[in-house]
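Asker: The structure's right below; bear with me while I get my questions together.
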Amino acid sequence: MPVSLTVSALRASLAARSLSPREAVLAVAAAAASKDSTLGGYVSLTEAEINTALALADKADVTLPLGGVPIAVKDAIAVQGAPLTCASKILRGFVSPYDATVITRLRAAGAIPLGRTNMDEFAMGSSTENSGFFPARNPRDPERTPGGSSGGSATVVDADTAFAALGSDTGGSIRQPASFTGIVGLKPSYGRVSRYGLVAFASSLEGIGPMTKSVRDAALLLQTMAGHDPLDSTSLNAPVPDYLDTLDRGVKGLKIGLPREYFIDGITPGVRAAIEATVQQLAAAGAEIVDISLPHTEFAVATYYIIATAEASSNLARFDGVRYGHRAAQPADLTDLYNRTRAEGFGPEVKRRIILGTYVLSSGYYDAFYVKAQKVRKLIRRDFTEAFSKVDLIASPVTPATAWKLGTFADTPLQSYLADIFTIAANLAGICGISVPCGLSDGLPVGFQLMGPSLAEKNLLQAAQTVESALSPLALR
């Protein structure tokens, strides 16, 4: 069985009983065994995990929406009985005692969690080079990054070692790796999908979303995962529409905005050409293209890295060697326990962000940095609110360039932060966004970003399907 099948094609074969769930699980295991030692997409896919998945496969009800479909899961999302390390040495050996809500819902729809995908440690990074274990690599060119922080999920989907995967997006961590690897990555609106069971990095910014081989697959997984969850206080109590019933309706009549601040001189020629060609395709399909402005975009990176690091310094305080995770050997006292446990367990990027976050929250700097960043965040939200009073969706590149070579920013980590310029504002505003493949630049994938107002995933997916129909992702693989 080819793992290159979309989830939609696989579920049709499973429902017709021309393929079995057991065959699907074994196909993933075989593909991963063949390819993943080179690519590093999984941090865990053990014989025990495969056997657990096979037991579920043998009992799978293929009449359910995702009956018998294996789904890979980012290592920051809890799956009961599976490792949960966030690709960090501080959680090496920890096993989750419960399921995240998204996993509970996927199981109820018949899906089978299989494999823990690699990531930047605690989701802090844009290249998966900050994994505490080993970097993930881009299947298009193993010398290049697959992006991050959900780089492992992008790798396994593009390499056909998974049918689909879950990622999380705090500042572009689903959309950017999807762009770099030529797959579809959907960031739902904040609160649309429960965060219960997602290990917290920056709680006001992050959320879980699907990473798939097609827009239809993304819609199908979102349909399963979306909805109010009383276990998550940030979950929105809003009806979940049928994302699939209008997927093929097209974009005629939709107004799509092009923000001038997202079409800057730093975009590489190949990326610009692919984006502009896709805009023309949307116009030819009946969309009205409108020039707009998001004037506070230039402050988004600084605002994000103040708020995100502040929340990270608070959230990661729980990793102290007392209750779970790594514990320093023979500490002299409690202070020594804390200091050595965190020094030994956390990697350089996590330490960097904890220090930054602690600084901006400290006495004398709280008002100057954190409070000011929250005020600018309101201005960025207002920019989007005003834009969406004029247009239905916003289009832009996902990143200024294609996937860079591993090690490019090893000595200049702050430079890698600037690569998030087109993705982080959506997280600050809490709106939805998607990356869909739209072409190649020097043989590397280019992602086309669409953003919509909060809870506008239906229009977002409809437009993304139009992009996908104009240029089949199969032509890019």
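The values are calculated or read from the model by the stated rules, or taken from the named source; none is laboratory data. Note that this is a predicted model, so its numbers are computed, not measured. Using ideal geometry, Cβ is built from the backbone for each residue, glycine included, and neighbour counts are taken over all protein chains shown.
Asker: Can you pull out the residues in region 5-60 that are exposed (fewer than 15 other Cβ atoms within 10 Å of the Cβ) and not in a helix (DSSP H, G or I)?
Answerer: Ala16, Arg17, Ser18, Thr46, Lys59
Asker: Go through region 444-477 and report how many residues are small (Gly, Ala, Ser) and either surrounded by 21 or more Cβ atoms within 10 Å (Cβ to Cβ) or modelled with pLDDT of 95 or more (or both). Walk me through it before giving the result.
Answerer: First pass over region 444-477, keeping only residues small (Gly, Ala, Ser): 447, 452, 454, 456, 463-464, 469-470, 472, 475.
Keeping just the survivors that are either surrounded by 21 or more Cβ atoms within 10 Å (Cβ to Cβ) or modelled with pLDDT of 95 or more (or both) gives 447, 452, 454, 456, 463-464.
Adding up the residues that qualify gives 6.
Asker: List the strands (runs of 3 or more DSSP E) inside region 149-226, counting only whole elements, that have at least 1 residues being free of Cβ contacts under 8 Å to residues at least 12 places away in the same chain.
Answerer: Of the strands (runs of 3 or more DSSP E) lying wholly inside region 149-226, none has at least 1 residues that are free of Cβ contacts under 8 Å to residues at least 12 places away in the same chain.
Conditions (1) touching a Pro at 6+ places or on another chain (Cβ under 9 Å); (2) modelled with pLDDT of 95 or more, marked per residue:
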{"position": "Thr412", "(1), (2)": "no, no"}
{"position": "Asp420", "(1), (2)": "no, no"}
{"position": "Thr423", "(1), (2)": "no, yes"}
{"position": "Cys432", "(1), (2)": "yes, yes"}
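Asker: What are the pairs, 6+ residues apart or on separate chains, where a residue within region 108-128 that is under 24 Å from Ala24 (Cβ atoms) and modelled with pLDDT of 95 or more has its Cβ under 7 Å from a residue that is surrounded by fewer than 24 Cβ atoms within 10 Å (Cβ to Cβ) and among the acidic types (Asp, Glu)?
Answerer: Cβ pairs passing all conditions: Gly110/Asp61; Leu114/Glu49; Gly115/Glu49.
Asker: Just checking, does region 211-224 include any residue being closer than 26 Å to Lys378 by Cα and either at pLDDT below 95 or not hydroxyl-bearing (Ser, Thr, Tyr) (or both)?
Answerer: no
Asker: Same structure again: Taking only region 303-360 into account, find how many residues are part of a helix (DSSP H, G or I), free of Cβ contacts under 8 Å to residues at least 60 places away in the same chain and more than 26 Å from Pro83 (Cα to Cα).
Answerer: 9
Asker: Any residue at all in region 307-315 that's crowded, with 17+ Cβ neighbours inside 10 Å and either touching a Pro at 6+ places or on another chain (Cβ under 9 Å) or of a type in the set (Ser, Thr, Tyr) (or both)?
Answerer: Yes, some residue in region 307-315 is crowded, with 17+ Cβ neighbours inside 10 Å and either touching a Pro at 6+ places or on another chain (Cβ under 9 Å) or of a type in the set (Ser, Thr, Tyr) (or both).
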